[in-house]
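Colleague: Handing you this structure, nothing more for now.
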Amino acid sequence: MGNVALRQWANTPPVYEPCLGVVDPACKGHGLFSRIFARAMERAREIPMQYLFFDFVTNHDISQKLVAKYGVIDMALFVGCQSAETQAKLERLGMGPDPKASDRYSLLVSIIPQVEHPFGEEIELPENLGEMLAFLLDGLRVRWIPASRFSQLPAEGSFETKLQPAQKAVIFDMAVPGRQAVARVLAAWRELMRGGYAYAAVEAPVGSAGMAMLYDLLAEAGFFVSGFVPYRFSDRLGLRLQSVGPTRLAFDEIRVFTPTARRLLDVVRESFERNAKV
């Protein structure tokens, strides 16, 4: 009559995601999913792991409210990363109206730590990013220290391109940030937009050389902050910046529940309006 799966994303360290939750529509309103999810969380506590990973659709906040009581920590907001055609319609599920002013849906990324310091105790960030995003680190019990102003972005760098055709989205995984890598990313993103892609993200491991310059180059090209991500589902944080192609976005239709998520939404919106030059 219902199901919640625990999907393993990484072995070293172990990382899992509670996902694929579904119940028979005939059982709607009887609390069945909450009970199944509670049992899944009990099972998760029995499995040695670094953290649980979540991504919540933000056309509603029902699932966010359910998970909040388990100590979830919000980390990033992926604005407009999902094609509306691939998402279940709220009206069809009897959960209220769907967003009308947005062509694409967004995701809130969160974790529940299963160890005391899932990403260590200290990271290095440029001052502007540290001051902007420090509140996201509080729940992770991570302190940040200012990166050296003399930290230079290497000339070359490297990245991997991960296409998501169904979502018309692309992720540039910049393992080694560099000036030439940024130039190639921006050229690839322009070409993909001409082919109908509507969302791009750049992820880079926190603490990489020249993070301040990396942010400046991408911000000048219209990228805006998303927040932090578990870099490659590891015990290392990544910084995620994002960009959207020509599409309708309505920040007022993004539904988030926790105080941290609401503050993150404001920060992301301000960054979008500043960098995308809206």
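The values are calculated or read from the model by the stated rules, or taken from the named source; none is laboratory data. Here the structure is a predicted model, which means the values were calculated and not measured. As a convention, Cβ positions derive from the backbone with ideal geometry for all residues, glycine included, and neighbour counts pool all protein chains shown.
Colleague: Of all residues in region 220-278, which are touching a Ser or Thr at 6+ places or on another chain (Cβ under 7 Å), in a loop (DSSP other than H, G, I, E, B) and of a type in the set (A, V, I, L, M)?
Modeller: Leu249, Ala250, Ile254, Val256
Colleague: (1) more than 22 Å from Gln152 (Cα to Cα); (2) part of a helix (DSSP H, G or I): which one isn't true of Met213, the others all being true?
Modeller: It is condition (1) that Met213 fails.
Colleague: Shifting gears a bit: Would you say Lys162 is among the charged types (D, E, K, R) and more than 28 Å from Phe33 (Cβ to Cβ)? Before the answer, list the steps.
Modeller: Working: among the charged types (D, E, K, R): yes; more than 28 Å from Phe33 (Cβ to Cβ): yes.
For Lys162, the condition - among the charged types (D, E, K, R) and more than 28 Å from Phe33 (Cβ to Cβ) - is met.
Colleague: Could you check region 91-115 and list, in sequence order, the residues that are part of a loop (DSSP other than H, G, I, E, B) and modelled with pLDDT of 95 or more?
Modeller: Selection gives Gln114, Val115.
Colleague: Let me ask you something else. In region 180-216, how many residues are over 21 Å from the mean Cα position of the chain (by Cα) and within 17 Å of Leu239 (Cβ to Cβ)?
Modeller: Counting residues in region 180-216 that are over 21 Å from the mean Cα position of the chain (by Cα) and within 17 Å of Leu239 (Cβ to Cβ) gives 4.
Colleague: When both residues are 6+ apart or on different chains and their Cβ atoms are under 8 Å apart, which pairs have a first residue that lies in region 136-156 and is β-branched (Val, Ile, Thr), and a second that is in a loop (DSSP other than H, G, I, E, B) and at pLDDT 95 or above?
Modeller: Val142/His117; Val142/Phe119; Val142/Glu121
Colleague: Considering only region 188-208, I want to know if a residue exists there that is touching a Gly at 6+ places or on another chain (Cβ under 7 Å), surrounded by fewer than 21 Cβ atoms within 10 Å (Cβ to Cβ) and either in a strand (DSSP E or B) or among the charged types (D, E, K, R) (or both).
Modeller: Yes.
Colleague: What strands (runs of 3 or more DSSP E), lying completely within region 120-183, carry at least 1 residues that are exposed (fewer than 14 other Cβ atoms within 10 Å of the Cβ) and at pLDDT 95 or above?
Modeller: Correct list: 122-125, 143-146, 158-164.
Colleague: Shifting gears a bit: Tally time: how many residues in region 221-278 are charged (D, E, K, R) and touching a residue at least 40 places away in the same chain (Cβ under 8 Å)?
Modeller: Qualifying residue count, region 221-278: 11.
Colleague: Of the residues Leu239, Leu249, Leu192, which single one is under 28 Å from Ala155 (Cβ atoms) and touching a helix residue (DSSP H, G or I) at 6+ places or on another chain (Cβ under 9 Å)?
Modeller: Details: Leu249 fails: under 28 Å from Ala155 (Cβ atoms); Leu192 fails: touching a helix residue (DSSP H, G or I) at 6+ places or on another chain (Cβ under 9 Å).
That would be Leu239, the only listed residue that is under 28 Å from Ala155 (Cβ atoms) and touching a helix residue (DSSP H, G or I) at 6+ places or on another chain (Cβ under 9 Å).
Colleague: Now, a different point. So, Ala250, is that one buried (at least 18 other Cβ atoms within 10 Å of the Cβ) and either more than 22 Å from Pro146 (Cα to Cα) or touching a Phe, Trp or Tyr at 6+ places or on another chain (Cβ under 7 Å) (or both) or not?
Modeller: On the way: buried (at least 18 other Cβ atoms within 10 Å of the Cβ): no; either more than 22 Å from Pro146 (Cα to Cα) or touching a Phe, Trp or Tyr at 6+ places or on another chain (Cβ under 7 Å) (or both): yes.
Here the answer is no, as Ala250 does not meet what is asked.
Colleague: Determine, yes or no, whether Pro246 is out of contact with any Leu (no Cβ under 9 Å at 6 or more places or on another chain) and modelled with pLDDT under 95.
Modeller: The answer is yes for Pro246.
Colleague: What number goes with the only condition from (1) within 19 Å of Glu131 (Cα to Cα); (2) without any contact (Cβ under 8 Å) to a residue 40 or more places away in the chain that Pro177 does not pass?
Modeller: (1)
Colleague: Among the small types (Gly, Ala, Ser), more than 22 Å from the chain's Cα centre (by Cα) and modelled with pLDDT of 85 or more: is that true of Ala40 in this structure?
Modeller: Yes, satisfied.
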